[in-house]
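**Student:** Attaching a single structure in structure tokens format; questions to follow.
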Amino acid sequence: MTTALAFHHVDILFHRTNSAGPLAEAMRRLDQGGTREEIARDLGVTVGVADASLDIERGEISVLMGLSGSGKSTLLRAANGLNKVARGEVRIGNGLAHVDIASCDAETLRDLRKTRIAMVFQQFGLLPWRTVRDNVGFGLELRGMAPAIRREVVDEKLELVGLTRWADSYVSELSGGMQQRVGLARAFATDADILLMDEPFSALDPLIRRKLQDELLDLQRRLKKTILFVSHDIDEALKIGNQITIMREGRIVQTGRPDDIVIRPVNDYVSAFVRHMNPLPVLNAGTVMRRLDQAARLDDGRVALDPAGTYGLDPATQQVTRRDGVPVPVERMPADDPATAPIQPGTIYRAPVACSLQTIAILRQRSGLPVLIDDGDTLAGLCDDTDMIGAMIGIPRAALP
């Protein structure tokens, strides 16, 4: 994959006079292991972000998470130059070349803000005296786009977010959720490669928030933007993020895929974030399965599919038989929602490695048998209750009784 946005050893510091002396001393203290509190007390310098490195791949949603004051919004705002970087690089990919936001000239930064980077704010950032259409086209207007072309682009984006009917309404006439859609349409209208979204849904009620999360994921499947998204909600982060970064006191604590964060938290701080969330929608079969080459074998060489050895899989023929030699039907999981599709008891089901653990649990519970996991046409592993329980509580199968 291609890196679209990268932070390399970024420090962001704030001082009331921006004096070079205190800022330089603060960086020296950081290098020596000084804490945020010590630097603020001794030098009057606030450490917003310290030594942050993060690569975001093109077409992915990368979520910055943390408590208030952790530095997540501060880091995001360095991606378009709203926060000045004291040290380090913020690089935006441009084909084979990269531009460093932290050191580029003012004209280059203006061009990047107009064409490459768009921002969606928590409080929408809309102009109440303008119509929905005029708000969506505001960036294009600043760019000098001809009115006829601008209208065509705006109407396309309004249709994309389901606001065509309200194009000539004023934003004050819209609900909070609809206003946030206007913000999304405005960002999409710029055709920017990178979207910066600073807690865009946090001011909305839970039902509208979940709906907009679903709509964002649907739009992302079609548009394939690179999105840096700030959130303080772990369920939101795990739902929308391809990559999650946990921050604490200005530093990055852990970065990884959602299942990495859930199953392999690096310390107690990260564990506290995921302790009370439901892991079923996040984990997938490939994460929790037992590989066939690691599964127990029966005396005849077949793979044991259950602890009692009642069911065995012949890896060569991919056939399952009981101990008494009776064949057991093996079927691919239904294309429809397993929660409502007919699942036959006594049938072994095959599911792809990308299948969610929630679906695996449904197949296992309703069929009464373990689930085989395949990678394309090749069987890769299996899941039973012990595999799933171990994944959900973060204890490997080998450590379970």
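The values are calculated or read from the model by the stated rules, or taken from the named source; none is laboratory data. Note that the structure is a prediction, hence the values are computed from the model and not measured. Methodologically, a virtual Cβ is constructed for each residue, glycine included, from the backbone with ideal geometry; neighbour enumeration extends over all protein chains shown. When the accessible area is computed, the model is the full protein with side chains, heavy atoms only, and any ligands, DNA or RNA have been set aside. Shrake-Rupley method; radii C 1.70, N 1.55, O 1.52, S 1.80 Å.
**Student:** Report the per residue volume, in Å³, of the convex hull enclosing the C-alpha atoms of segment 285-399. Can you show the working numbers first?
**Tutor:** On the way: hull volume 11.4 nm³, N = 115.
Measuring per residue, one finds 99 Å³ for the Cα hull of segment 285-399.
**Student:** With a 1.4 Å probe and every protein chain left in place, tell me how much accessible area HIS98 has, in Å² to the nearest 10.
**Tutor:** 90 Å²
**Student:** Right, another one. For the chain, what is the per residue volume of the convex hull drawn over the alpha-carbon atoms, in cubic angstrom? Write out the running numbers ahead of the final one.
**Tutor:** Numbers: hull volume 74.0 nm³, N = 401.
So the per-residue Cα hull volume is 185 Å³.
**Student:** Just to check I understand the Karplus step: with θ = phi - 60° and J = 6.51 cos²θ - 1.76 cosθ + 1.60, what whole-Hz values come out for segment 28-36, glycine and proline as x?
**Tutor:** So the Karplus estimates, Gly and Pro as x, are 5, 5, 4, 4, 8, x, x, 8, 4 Hz.
**Student:** Something else: Within 14 Å, Cβ to Cβ, of PRO352, how many net charges do the neighbouring residues add up to if Lys/Arg are +1 and Asp/Glu are -1?
**Tutor:** Values: positive: ARG332, ARG350; negative: GLU331, ASP374, ASP375, ASP377.
Net charge around PRO352: -2.
**Student:** Separate question: With an 8 Å cut-off on Cα pairs and a minimum separation of 6 or more residues, tell me the relative contact order of the chain in percent. Intermediate values should be presented prior to the final figure.
**Tutor:** Numbers: 729 pairs, mean separation 57.9, N = 401.
Normalised by residue count, the contact order of the chain is 14 percent.
**Student:** Here is a follow-up. For MET178, what charge total do you get from the other residues with a beta carbon under 12 Å from its beta carbon, if Lys and Arg give +1 and Asp and Glu give -1?
**Tutor:** Details: positive: ARG165, ARG181, LYS211; negative: GLU173, GLU215.
That works out to +1.
**Student:** Please list, in order along segment 163-172, the HN-Hα scalar couplings obtained from phi with the Karplus expression 6.51 cos²θ - 1.76 cosθ + 1.60 (θ = phi - 60°), rounded to whole Hz, x for Gly and Pro.
**Tutor:** 3J(HN,Hα) across segment 163-172, in whole Hz: 10, 4, 5, 9, 4, 9, 7, 8, 4, 5.
**Student:** Still on this structure, please answer the following. What shape does segment 256-310 have by the C-alpha gyration tensor, where a ≥ b ≥ c are the square roots of the eigenvalues, rounded means a/c under 1.5, and otherwise prolate means a/b greater than b/c and oblate the rest? Write down the numbers at each step before the final one.
**Tutor:** Numbers: a/c = 3.25, a/b = 3.05, b/c = 1.06.
In terms of gyration-tensor shape, prolate.
**Student:** How far apart, in nanometres, would the label points at ARG58 and GLU38 be if each is projected 7 angstrom from Cα along the Cα-to-Cβ direction?
**Tutor:** Placing both labels 7 Å along Cα→Cβ, they lie 4.4 nm apart.
**Student:** Would you tally the net charge around LEU223, using a Cβ to Cβ cut-off of less than 11 Å, leaving LEU223 out, and scoring K and R as +1, D and E as -1? Each step should come with its number before you reach the end.
**Tutor:** Working: positive: LYS157, ARG221, ARG222, LYS224, LYS225; negative: ASP191, ASP193, ASP218.
Net charge in that neighbourhood comes out at +2.
**Student:** I've got another one for you. Leaving out ligands, DNA and RNA, what percent of the accessible area of the chain is carbon and sulfur, probe 1.4 Å? List each step's numbers first, then the result.
**Tutor:** Values: 9660 of 19290 Å².
Answer for the chain: carbon and sulfur cover 50 percent of the accessible area.
**Student:** Now for a separate question. Counting only helical runs of four or more DSSP H residues, what would the 222 nm mean residue ellipticity of the chain come to if each run contributes -39,500 (n - 2.57) and the total is spread over all its residues? Before the final figure, lay out the partial values.
**Tutor:** Working: 15 runs with 135 residues, N = 401.
Computed mean residue ellipticity for the chain: -9500 deg cm²/dmol.
**Student:** Something else: For the chain, what does the accessible surface come to per residue with a 1.4 Å probe? Please give it in Å². Intermediate results must be reported in sequence, preceding the final value.
**Tutor:** Details: 19290 Å² over 401 residues.
Value returned for the chain: 48 Å² of accessible area per residue.
**Student:** Further question on the same structure: Please list the non-local residues whose amide H lies under 5 Å from the amide H of ALA295, H modeled 1.01 Å from N, same-chain partners needing a gap of 5 or more.
**Tutor:** Sorted by chain and number, the residues that satisfy this come to none at all.
**Student:** Give the shape of segment 167-237 as rounded, prolate or oblate, defined through the alpha-carbon gyration tensor: a ≥ b ≥ c are the square roots of its eigenvalues, a/c under 1.5 means rounded, and otherwise the shape is prolate if a/b is larger than b/c and oblate if not. Don't skip to the answer; put the middle values down first.
**Tutor:** Details: a/c = 1.77, a/b = 1.08, b/c = 1.65.
Oblate, because a/c is 1.5 or more while a/b does not exceed b/c.
**Student:** Hey, what do the phi angles of segment 194-204 turn into as Karplus ³J(HN,Hα) couplings, whole Hz, using 6.51/-1.76/1.60 and θ = phi - 60°, x for Gly and Pro?
**Tutor:** Taking θ as phi minus 60°, the curve returns 10, 10, 9, 10, 9, 6, x, 10, 5, 7, 9 Hz for segment 194-204.
**Student:** With the Cα gyration tensor of segment 284-330 giving a ≥ b ≥ c as the square roots of its eigenvalues, does the rule (a/c under 1.5 for rounded; else a/b larger than b/c for prolate; else oblate) give rounded, prolate or oblate?
**Tutor:** Working: a/c = 1.84, a/b = 1.57, b/c = 1.17.
In terms of gyration-tensor shape, prolate.
**Student:** Grab the beta carbon distance between HIS15 and CYS104, set R0 = 25 Å, and tell me the FRET efficiency rounded to 0.05. All intermediate terms of the calculation are to be shown ahead of the outcome.
**Tutor:** Working: r = 23 Å, r/R0 = 0.91.
With a Förster radius of 25 Å, E is 0.65.
**Student:** Can you give the extra length, in nm with one decimal, that the chain gains between GLU173 and GLU89 once fully stretched, where that is 0.36 nm per residue apart less the Cα-Cα distance? Mind dumping the intermediate values first?
**Tutor:** Details: separation 84, 0.36 × 84 = 30.24 nm, distance 4.22 nm.
Between GLU173 and GLU89, full extension yields 26.0 nm more.
**Student:** A follow-up question, please. Starting from the 7 Å offset along Cα-to-Cβ, what nm value, one decimal, do you get for the label separation of ARG322 and ASP385?
**Tutor:** In this crude spin-label approximation the distance works out to 1.9 nm.
**Student:** Something else: Between HIS8 and GLU156, what is the FRET efficiency for a Förster distance of 22 Å, r being their Cβ-Cβ separation, to the nearest 0.05? Before the final figure, lay out the partial values.
**Tutor:** Working: r = 36 Å, r/R0 = 1.65.
Once the sixth-power term is evaluated, E becomes 0.05.
**Student:** Okay, moving on. Can you report the principal axis dimensions of segment 1-136 using only the alpha carbons, biggest first, rounded to whole angstrom?
**Tutor:** Sorted largest first, the three principal extents are 51, 41, 31 Å.
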